[in-house]
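Have a look at this one.
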């Protein structure tokens, strides 16, 4: 039975590729229909595997971890989005011989919280990473508990060592109540801020006793230095502590020399992704050399918080629909320091010719904030974007400049002119956040790269005298 | 002290296909900047609108299915809505909401989904969809600009909102776009409609204030950005 299923899957996979189609889940789906136990049969041949789950950052964390693990041996890794049982089966089939032998013995699976309980019992999970647990803002009631129940059931199906975000009270509760061995990662306390800008904090209540949690300070969202005043539930001392030093992340591990990795992307959540990947890699006994080489080889997709060493530094994000745009905006406002925004909106076919979606996106979060120094709007619809900012209630400096290069220059100039931050008058830390629709993205990336060279020498000089 | 201007957004949970919240936001901000107090009631699906209390009602666009649900819900209260309209209450109906004002929407298979029958207006599904940037000339407020995206072809026996200068309009044939009847405005133009058409926004607000019984002209606002966006649209997008 399983041979037929393997052949069905492999032939289908081959045929789909022949016609230039993505074969990330259909072959697995067909094969599972022929032989429902195929996933278990194939994964039985694995020596070990790592599972990455959680609400945000699964894809980036597992891509980084895959890059590290590949330094040691070839691995099986399911592709982005294909994290249902059929996606996992497809990934395994790709490395299965026609006679049913698995050619690679180590796998890394990114798995959706909802799918986790269906599959973990079939897999030899050695390490299970929980990036964080956020509740969907649209489903304010009920959803969160279902997610936690699914995660709980998924974890219970394994003997895995858990690698968990200790700064997140929801993940922490899940881990400590699981009875598994747990290794926590978290940011250094110095990075936590006691000021917040009215963001939703999902885990504000203690899951152990229901009391409201006390926070000494926050990293972002509900992630922070928390403690329950009633039952003593608290943020654990991390086994892996991340310290951010400009463009590098230093990871301190108990009983080990600290390791330093270069961050290719900005944003607190990207720091957490890198930290989770390093913590998981260490838990899988990967050497510091493999980790460094793996993270260097890791190439993030363009437009996901890419950093540019312009002066001041710039960060590039792709925006294309309200939901994605909202999470980018949330990420930006949760970053420390003063900010200048540069928003480039095109309306060519690949962007969508209708720009109404700008009015469904929550640009309103940018209004009334002292840390946002100014905003430059650009692209073929620069004026429409400026209007959106006006009606969002944004009253800071605004420049409308349809030309992308001139707009970036204007944004960099604005950053150098604003008043110091009200929160922290000593801070001279300003970042330009560039948001761009698809057809402007590559042009903007090139323009930013060009401006990096312009200031490279000046930057090096500054470092050497300080 | 005048009562706040009361705006109702009908069924935003079902009808918000083309960022209709942007229209509400525009009305709200243009009141706020003038120191006019505003209350916005979002009337959720299934609940009863209170037409006697509103000074302005917005009905947005949705998919055919959502539109049919709204039609059924609202049919029950169409007597109240008709009375308010006859008394001069402004109603702004966009895309699907516009089609709902008529007696029916005829699907491709010939089925007629009943509308609210408030206007002498019918819509028949057609192919292809009429999609693109649009500009119309209206005697109410000059050039109105925006985006249209509709399969339905609408014909009616009322005043149109304006004459199509660029784009397709009501049915792609007779050269007109939208409808006006008393203080009802129906149109396929979104984008959303009001931010880039501040004169239309102010006309709607002025009518709502008059209907409310407030006798104050609206103070002019600084519309530099609005004008820049209109100018950019007219030169770069519809080449006028």
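Just wondering, is there one or more residues in segment A:330-345 that are within 13 Å of chain B (Cβ to nearest Cβ), buried (at least 23 other Cβ atoms within 10 Å of the Cβ), touching a helix residue (DSSP H, G or I) at 6+ places or on another chain (Cβ under 7 Å) and not in a helix (DSSP H, G or I)?
Kept after step one, since they are within 13 Å of chain B (Cβ to nearest Cβ), are these residues of segment A:330-345: A:345.
Applying the additional criterion that residues be buried (at least 23 other Cβ atoms within 10 Å of the Cβ) yields A:345.
Next, only the ones that are touching a helix residue (DSSP H, G or I) at 6+ places or on another chain (Cβ under 7 Å) stay: A:345.
Narrowing further to those that are not in a helix (DSSP H, G or I): A:345.
Yes.
Only one of (1) within 27 Å of residue A:395 (Cβ to Cβ); (2) more than 14 Å from chain A (Cβ to nearest Cβ); (3) surrounded by 19 or more Cβ atoms within 10 Å (Cβ to Cβ) is not met by residue B:162, so which one is it?
(1)
State yes or no: is residue A:353 within 12 Å of chain B (Cβ to nearest Cβ) and in a loop (DSSP other than H, G, I, E, B)?
Working: within 12 Å of chain B (Cβ to nearest Cβ): yes; in a loop (DSSP other than H, G, I, E, B): yes.
The answer is yes for residue A:353.
Please find, within segment A:314-327, the residue that is nearest to residue A:266 (Cα to Cα) out of those that are away from chain B (no Cβ under 14 Å) and crowded, with 20+ Cβ neighbours inside 10 Å. Step through it out loud before you land on a result.
Going residue by residue through segment A:314-327, those that are away from chain B (no Cβ under 14 Å) are A:314-320, A:324, A:327.
Narrowing the set further to residues that are crowded, with 20+ Cβ neighbours inside 10 Å leaves A:314-319.
On the way: A:314: 9, A:315: 7, A:316: 9, A:317: 10, A:318: 14, A:319: 16 Å.
Ranking the qualifying residues of segment A:314-327, first place goes to A:315.
Looking at (1) at pLDDT 95 or above; (2) more than 10 Å from chain A (Cβ to nearest Cβ); (3) surrounded by 13 or more Cβ atoms within 10 Å (Cβ to Cβ), find the lone condition where residue B:238 falls short.
Evaluating residue B:238 over (1) at pLDDT 95 or above; (2) more than 10 Å from chain A (Cβ to nearest Cβ); (3) surrounded by 13 or more Cβ atoms within 10 Å (Cβ to Cβ) leaves (1) as the failure.
Would you check if residue B:230 is within 14 Å of another protein chain (Cβ to nearest Cβ), modelled with pLDDT under 95 and outside any loop (DSSP other than H, G, I, E, B)?
Working: within 14 Å of another protein chain (Cβ to nearest Cβ): yes; modelled with pLDDT under 95: no; outside any loop (DSSP other than H, G, I, E, B): yes.
In short, no.
If you don't mind, another one. Take segment A:369-413 and flag every residue that is closer than 17 Å to residue B:29 by Cα and more than 13 Å from chain B (Cβ to nearest Cβ).
Hit for segment A:369-413 is A:396, nothing else.
Could we say that residue B:199 is surrounded by 14 or more Cβ atoms within 10 Å (Cβ to Cβ), within 14 Å of chain A (Cβ to nearest Cβ) and over 21 Å from residue B:121 (Cα atoms) here? Lay out the reasoning, then the answer.
Details: surrounded by 14 or more Cβ atoms within 10 Å (Cβ to Cβ): yes; within 14 Å of chain A (Cβ to nearest Cβ): no; over 21 Å from residue B:121 (Cα atoms): yes.
In short, no.
Also, quick follow-up: Can you say whether residue A:282 is touching a residue at least 40 places away in the same chain (Cβ under 8 Å), assigned by TED's automatic domain parsing to the domain that holds residue A:48, closer than 21 Å to residue A:449 by Cβ and buried (at least 19 other Cβ atoms within 10 Å of the Cβ), as far as the supplied structure shows? First the steps, then the outcome.
Details: touching a residue at least 40 places away in the same chain (Cβ under 8 Å): yes; assigned by TED's automatic domain parsing to the domain that holds residue A:48: yes; closer than 21 Å to residue A:449 by Cβ: no; buried (at least 19 other Cβ atoms within 10 Å of the Cβ): yes.
Here the answer is no, as residue A:282 does not meet what is asked.
Next question. Which helices (runs of 4 or more DSSP H) does segment A:54-123 wholly contain that include 3 or more residues that are modelled with pLDDT of 90 or more and surrounded by 24 or more Cβ atoms within 10 Å (Cβ to Cβ)?
Numbers: elements: A:58-69, A:85-94, A:116-119.
So the answer is A:58-69, A:85-94.
Identify, by number, the condition in (1) more than 21 Å from residue B:40 (Cα to Cα); (2) part of a loop (DSSP other than H, G, I, E, B) that residue B:194 doesn't meet.
Of (1) more than 21 Å from residue B:40 (Cα to Cα); (2) part of a loop (DSSP other than H, G, I, E, B), only one is false for residue B:194: (1).
So which of A:111, A:75, A:68 ends up being assigned by TED's automatic domain parsing to the domain that holds residue A:169 and without any contact (Cβ under 8 Å) to a residue 60 or more places away in the chain? Please lay out each step first, then the result.
Details: A:111 fails: without any contact (Cβ under 8 Å) to a residue 60 or more places away in the chain; A:68 fails: without any contact (Cβ under 8 Å) to a residue 60 or more places away in the chain.
Exactly one of A:111, A:75, A:68 is assigned by TED's automatic domain parsing to the domain that holds residue A:169 and without any contact (Cβ under 8 Å) to a residue 60 or more places away in the chain, namely A:75.
Could you please find all residues in segment A:1-31 being without any contact (Cβ under 8 Å) to a residue 60 or more places away in the chain, farther than 15 Å from residue A:101 by Cα and outside any helix (DSSP H, G or I)?
Once the filter is applied, which keeps residues that are without any contact (Cβ under 8 Å) to a residue 60 or more places away in the chain, farther than 15 Å from residue A:101 by Cα and outside any helix (DSSP H, G or I), segment A:1-31 yields A:19, A:20, A:21, A:22.
Among the numbered criteria (1) under 30 Å from residue A:323 (Cα atoms); (2) at pLDDT 90 or above; (3) away from every other protein chain (no Cβ under 14 Å); (4) over 13 Å from the mean Cα position of the chain (by Cα), which one does residue B:73 miss?
The number of the failed condition is (2).
Among the residues of segment A:310-324, is any within 22 Å of residue A:60 (Cβ to Cβ) and free of Cβ contacts under 8 Å to residues at least 24 places away in the same chain? Give the steps one after another, and end with the answer.
Residues of segment A:310-324 that are within 22 Å of residue A:60 (Cβ to Cβ), as a first pass: A:313-324.
Filter again for free of Cβ contacts under 8 Å to residues at least 24 places away in the same chain, leaving A:323-324.
Scanning segment A:310-324, I find at least one residue that is within 22 Å of residue A:60 (Cβ to Cβ) and free of Cβ contacts under 8 Å to residues at least 24 places away in the same chain, so the answer is yes.
What is the residue count in segment B:128-146 for residues that are touching a residue at least 60 places away in the same chain (Cβ under 8 Å) and within 14 Å of another protein chain (Cβ to nearest Cβ)?
Total meeting the criteria: 3.
Exactly one condition in (1) closer than 23 Å to residue A:383 by Cβ; (2) not in a strand (DSSP E or B) is false for residue B:118; which is it?
Here residue B:118 clears every test but (1).
Sticking with this one: Please pick out the residue among B:16, B:23 that is surrounded by 24 or more Cβ atoms within 10 Å (Cβ to Cβ), within 16 Å of the chain's Cα centre (by Cα) and within 14 Å of chain A (Cβ to nearest Cβ). Walk me through it before giving the result.
Working: B:16 fails: surrounded by 24 or more Cβ atoms within 10 Å (Cβ to Cβ).
Result of the check over B:16, B:23: B:23.
Restricting attention to segment A:141-175, report how many residues are assigned to a helix (DSSP H, G or I) and modelled with pLDDT of 85 or more.
The first filter runs over segment A:141-175 and keeps only residues assigned to a helix (DSSP H, G or I), leaving A:143-156, A:169-175.
From the residues that got through so far, the ones that are modelled with pLDDT of 85 or more too are A:149-156, A:169-175.
Total satisfying the criteria: 15.
On to the next question. So which residues in segment A:356-368 are assigned to a loop (DSSP other than H, G, I, E, B) and more than 12 Å from chain B (Cβ to nearest Cβ), if there are any at all? I'd like the intermediate steps shown before the answer.
Just the residues of segment A:356-368 that are assigned to a loop (DSSP other than H, G, I, E, B), to begin with: A:360-362, A:367-368.
A:368 - this is the single residue of segment A:356-368 that is assigned to a loop (DSSP other than H, G, I, E, B) and more than 12 Å from chain B (Cβ to nearest Cβ).
Please go through segment A:294-308 and pick out each residue that is at pLDDT 85 or above and surrounded by fewer than 17 Cβ atoms within 10 Å (Cβ to Cβ).
Residues satisfying the conditions are A:296, A:297.
Related question: Any idea which residue in segment B:222-237 is nearest to residue B:9 (Cα to Cα), counting only those that are in contact (Cβ under 8 Å) with a residue 60 or more places away in the chain and within 22 Å of the chain's Cα centre (by Cα)?
B:230
The values are calculated or read from the model by the stated rules, or taken from the named source; none is laboratory data. Given the structure is predicted, the values throughout are model-derived calculations rather than measurements. Counting neighbours? That spans all protein chains shown, and the Cβs are built from the backbone with ideal geometry, glycine included.
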